[in-house]
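The structure under discussion appears below in the form of structure tokens.
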Amino acid sequence: MNKNLQEGVALAKELNDILTADKPNCGVVICTPFVHLASVAPLLNADIIGLGAENCADKASGAYTGEVSAEMVKSTGAQYVILGHSERRAYYGETPEILKEKVNLALENGLKVIFCIGEVLEEREAGKQNEVVGAQLEGSLYGLTPEQFRNVILAYEPVWAIGTGKTATAEQAEEMHAFIRQTIAARFGAAVAEDTTILYGGSCKPSNAKELFSKPDVDGGLIGGASLKAADFKGIIDAWK
């Protein structure tokens, strides 16, 4: 929940201009607040920057005042939606069952899903991180077919390392990403697991991006605060060069 409409449009335009001039060596997607989507969509060079929403509803349509459906998101020109973000789970009580509905509706409407998973500090300290992350995957994604799952991008968020002063090492990130890939392979097959993009979402910034991205199972980043300034975001994108 950052930047008003005018500021958001200006940031998207700045980023588009920068990446048009110096093409990225990786896929780039920006996920904006709902009110920005339709204004930002026509400004982006779709060959360089994809567009996504930060959430969508668990209902298709109807008397759900204030909600935004997957169909509405898709109609703006967006191609992606973030679901299951740790903040949505923590502050808005989103359960695996609710998220399962959201994922299904997003996929039905032709959106690619960026699905967030991760453990909190108490779970990490108790050594339960694999159990927690495995349950999050099973609770919301195991009903999908392998074909559907190919439209899911995973984002691992070590919730304990976001804004707490504690940092996850690149080794800890790789360890969890490898576990996630093995879990996907066991459910959907090795080929699907190999093709699944697993992003790292724990305070990724220009100073640590290269080390994180060098790990074999870390396929990119889900960037929070560092994406609010085009120069910082570009620094992370350049870690792929």
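The values are calculated or read from the model by the stated rules, or taken from the named source; none is laboratory data. This is a predicted model, so every value here is computed, not measured. With ideal geometry, Cβ positions are generated from the backbone for all residues, glycine too; neighbour counts draw on all protein chains shown.
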Original post:
Among the numbered criteria (1) at pLDDT below 95; (2) under 15 Å from HIS177 (Cβ atoms), which single criterion is violated by ASN130?
Top reply: (1)
**OP:** Need at least 1 residues that are closer than 25 Å to GLY134 by Cα per element, so show me which helices (runs of 4 or more DSSP H) inside segment 49-119 make the cut, counting only ones lying wholly within it.
**Re:** 86-92, 96-108
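Among ALA190, ALA155, which is the only one that is surrounded by fewer than 16 Cβ atoms within 10 Å (Cβ to Cβ), over 17 Å from ASN104 (Cβ atoms) and at pLDDT 95 or above?
Details: ALA155 fails: surrounded by fewer than 16 Cβ atoms within 10 Å (Cβ to Cβ).
Going through ALA190, ALA155 in turn, just one is surrounded by fewer than 16 Cβ atoms within 10 Å (Cβ to Cβ), over 17 Å from ASN104 (Cβ atoms) and at pLDDT 95 or above: ALA190.
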Original post:
Does LYS3 fit the bill of being in contact (Cβ under 8 Å) with a residue 40 or more places away in the chain, surrounded by 14 or more Cβ atoms within 10 Å (Cβ to Cβ) and not in a strand (DSSP E or B)?
Top reply: yes
Original post:
If you take the residues in segment 58-106 that are more than 24 Å from VAL40 (Cβ to Cβ) and basic (Lys, Arg), which one is surrounded by the most Cβ atoms within 10 Å (Cβ to Cβ)?
Top reply: ARG89
